Amino acid sequence: MFGLMAVVDGDFKVAIVWLAVAMIVDGIDGPVARAWDVRTHVPRIDGYTLDLIIDYVTCIVIPVLFMIRFDMLPNRGGLLIASFVLFLSALWMSRTDQMTDDLYFNGFPCEWNMIVPTLYLLEASPWVTATVCIALALTQLTNWKFIHPMQVRKRRVLNVTVTVAWLAVVLLMTADWPAHNEVGKWLLIACPLYIVGVGAWRTLGPESALDHGAANTAHA
């Protein structure tokens, strides 16, 4: 709600801070719920469904409104692109195969609350922003892999480090705006490229055989 209010008020700095908070909460809410044994103490509430609803608002709706409010999308077709992102993200949230056995995501996991601030701080042109959004949204219909930095065991320390660094750079550059930190901008490019690169290796490299093995087991 605070992030939404900041977007409506045109305060991009506060909006980005709340989007970052949503990212942090999204990373720890599951372990906290399990530690407190919420399923036992509040059996009438489906925590998974509640989490999906909250994530759709904080990770998708608010970032999309951010792009519209701050003119990040092309004048022609901007609302159509925003609707496209909302629709495909809803489809992804409805997937029954969101994660693989080794805890990678199938398709882009709707982390628009990181992508949108990154594009804004990089001062990406509307068409670059549109291209990135369309490309990521299209992967949501595929099995292109993306890491879950907290759960994927392989390279976990590096994955978490890169994710934390990405988040930290977003917050630092937001606080320092409108100063143009070239090192920060390179980090804003490098961190997501690492995430995409690891996913590409998992999708196309030797580890992709894991998916074929799982499919064969399921078929048998």
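Some observations on this one:
- Val170 falls short of the stated requirement of being touching a residue at least 24 places away in the same chain (Cβ under 8 Å), part of a loop (DSSP other than H, G, I, E, B) and buried (at least 20 other Cβ atoms within 10 Å of the Cβ).
- Cross-chain or 6+ apart pairs with Cβ under 7 Å, the range 59-72 first and touching a residue at least 24 places away in the same chain (Cβ under 8 Å), then outside any helix (DSSP H, G or I) and crowded, with 24+ Cβ neighbours inside 10 Å: Cys59/Cys110; Ile60/Cys110
- Single unsatisfied condition, Thr161 versus (1) under 20 Å from Trp201 (Cα atoms); (2) surrounded by 17 or more Cβ atoms within 10 Å (Cβ to Cβ): (2)
- Within the range 1-78, helices (runs of 4 or more DSSP H) holding 1 or more residues that are modelled with pLDDT under 75 and charged (D, E, K, R): 12-35, 38-41
- Test: residue in the range 95-105 that is among the aromatic types (Phe, Trp, Tyr) and in contact with a strand residue (DSSP E or B) (Cβ under 8 Å, 6 or more places away or on another chain): yes
- Condition broken by Phe108, with the remaining ones in (1) closer than 11 Å to Pro63 by Cβ; (2) modelled with pLDDT of 95 or more; (3) buried (at least 22 other Cβ atoms within 10 Å of the Cβ) satisfied: (1)
- Evaluation of Arg202 against (1) among the charged types (D, E, K, R); (2) buried (at least 19 other Cβ atoms within 10 Å of the Cβ); (3) without any contact (Cβ under 8 Å) to a residue 60 or more places away in the chain (one fails), failing number: (3)
- Enumeration of residues in the range 145-169 that are among the charged types (D, E, K, R) and within 15 Å of the chain's Cα centre (by Cα): Lys145
- Residue list for the range 58-83, restricted to those being exposed (fewer than 14 other Cβ atoms within 10 Å of the Cβ), at negative phi and not hydroxyl-bearing (Ser, Thr, Tyr): Asn75, Arg76, Leu79, Leu80
- Summed over the range 173-187, the residues that are assigned to a helix (DSSP H, G or I) and exposed (fewer than 11 other Cβ atoms within 10 Å of the Cβ) give a count of 2.
- When residues of the range 110-126 are limited to those that are assigned to a loop (DSSP other than H, G, I, E, B) and either touching a residue at least 12 places away in the same chain (Cβ under 8 Å) or touching a Leu at 6+ places or on another chain (Cβ under 9 Å) (or both), the one nearest to Leu91 (Cα to Cα): Cys110
- Which numbered condition Leu138 misses (of (1) modelled with pLDDT of 95 or more; (2) in contact with a strand residue (DSSP E or B) (Cβ under 9 Å, 6 or more places away or on another chain)): (2)
The values are calculated or read from the model by the stated rules, or taken from the named source; none is laboratory data. None of these values were measured; they are calculated from a predicted model. Quick reminder, even Gly has a Cβ in these numbers, built from the backbone with ideal geometry, and neighbours come from all protein chains shown.
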